[in-house]
Amino acid sequence: MRPLLALALVPLAASPAAAEPTYFETVVTDTTTPVDLKLDSTTVLCSSADYGALFLKVLIPDLAHLTLLDHQNLGAGAPCVAAGQCRAGNMPADIIDPAHPTERVDVHVQEVRADEADSAAQTCTTTLIERVHVTIRGIDFVHERQAALGTRPYSDCVTSAPATGSDSPADDPGSVTTEPKSSGCSTTGGSTGGLIVAASALVVMRRRRRSAH
């Protein structure tokens, strides 16, 4: 019986562990644009649209032409950014100043390519992640949207794997391997019909950046 038992254990010991898919991100574009914001009760509010709790939000109409994806929450009337749940010190009253109804802010937008490479299945799945950040009167606001860009040759993921720990634009080598962050607003969005437009816009944005130099 002992030889039979030994033979039965050999295949189990020799079985290689299944490789986990590898996830990594590459910053494709990183822009900062000055924007004049109207800050009053129509643009600064506590809202639960698209999520289950009241969040402090600021509507920024200019995001419609500064971003590729739709950052507008249900029924909001304009794209938004959010600063977490409404609470003491994080309320519309902490932003709105009737004596100063407008504020110039810097809107920071990142377009990020996220790749998931599965070496066992030899597949590569790519997602566009768009992250917005802006500081308004001392409070940080963020928003994130994602759109699946589909699959591509596995070699595309392999050759794009991060060679360093730096977080730099795709015009330079380097990637960041952090998981995508959730913003205060809904972080899903982007329709399949808009993916080709989004991808094309990324190419145009990169060309403009190069020509500007």
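A few remarks follow.
- Computed magnitude of the charge dipole of region 25-73 (debye, nearest 20; Cβ of K, R +1, Cβ of D, E -1): 180 debye
- Taking other C-beta atoms within 10 angstrom as a stand-in for reagent exposure, HIS100, HIS133 fall in the order HIS100, HIS133, fewest first.
- By other beta-carbon atoms within 10 Å, ranking GLU25, GLU111 with the fewest at the front produces GLU25, GLU111.
- Rough spin-label spacing in nm, given labels placed 7 Å along Cα→Cβ, for ALA64 and ALA121: 3.8 nm
FYI, it's all coordinate maths here, none of it is from the lab. The structure displayed is predicted, hence computed values, not measured ones. Methodologically, a virtual Cβ is constructed for each residue, glycine included, from the backbone with ideal geometry; neighbour enumeration extends over all protein chains shown.
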